[in-house]
Amino acid sequence: MRGYSMHKDDYRKRLAKIEGQVRGVQRMIDEDTYCVDILTQIASVSKALQGVGLGLLDEHLRHCVMQAAAADHADGESKISEAVQAVERLLRA
């Protein structure tokens with residue numbers, strides 16, 4: 001079982017809301033909305049996606065990494081390295 005499994009419905013709802021925001025941005029472009037207003041909405045979508053990413057990372061650390069570290073030190077180290085790489089990808093995005 002994945003660390004986020006207990007909160008899947010919450011993540012689905014948040015992603016559906018983000019999907020709606022993206023459709024709103026598309027509509028704004030179709031309607032020739034002022035550029036700065038579109039950029040504001042894009043920043044909002046980006047922030048929302050980062051929130052989902054951080055939530056998943058938190059659950060990964062608390063569930064997958066802790067479980068691996070408790071079972072086997074080497075596996076725990078591997079999961080920590082994997083998590084660090086995931087954080088690096090989130091920060092580059």
GLU59 fails exactly one of (1) farther than 22 Å from ASP10 by Cα; (2) surrounded by 14 or more Cβ atoms within 10 Å (Cβ to Cβ); (3) not hydrophobic (A, V, I, L, M, F, W, C), namely (1)
Could you grab the pairs with beta carbons closer than 6 Å, sequence gap of 6+ or different chains, first residue in the stretch 23-49 and within 26 Å of LEU91 (Cα to Cα), second one of a type outside the set (A, V, I, L, M, F, W, C)? VAL25/GLN41; VAL45/GLN21
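Just need a number here: residues in the stretch 76-93 that are of a type outside the set (S, T, N, Q) and exposed (fewer than 12 other Cβ atoms within 10 Å of the Cβ).
The total comes to 6.
For (1) modelled with pLDDT under 90; (2) surrounded by fewer than 14 Cβ atoms within 10 Å (Cβ to Cβ); (3) within 15 Å of the chain's Cα centre (by Cα); (4) not in a helix (DSSP H, G or I), each residue gets a yes or a no:
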| residue | (1), (2), (3), (4) |
| --- | --- |
| MET1 | yes, yes, no, yes |
| MET6 | yes, yes, no, no |
| ALA16 | no, yes, yes, no |
| GLN26 | no, yes, no, no |
| THR33 | no, no, no, yes |
| LEU49 | no, no, yes, no |
| ALA74 | no, yes, no, no |
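The values are calculated or read from the model by the stated rules, or taken from the named source; none is laboratory data. Fair warning: this is a prediction, and the values are worked out from it, not measured in the lab. Quick reminder, even Gly has a Cβ in these numbers, built from the backbone with ideal geometry, and neighbours come from all protein chains shown.
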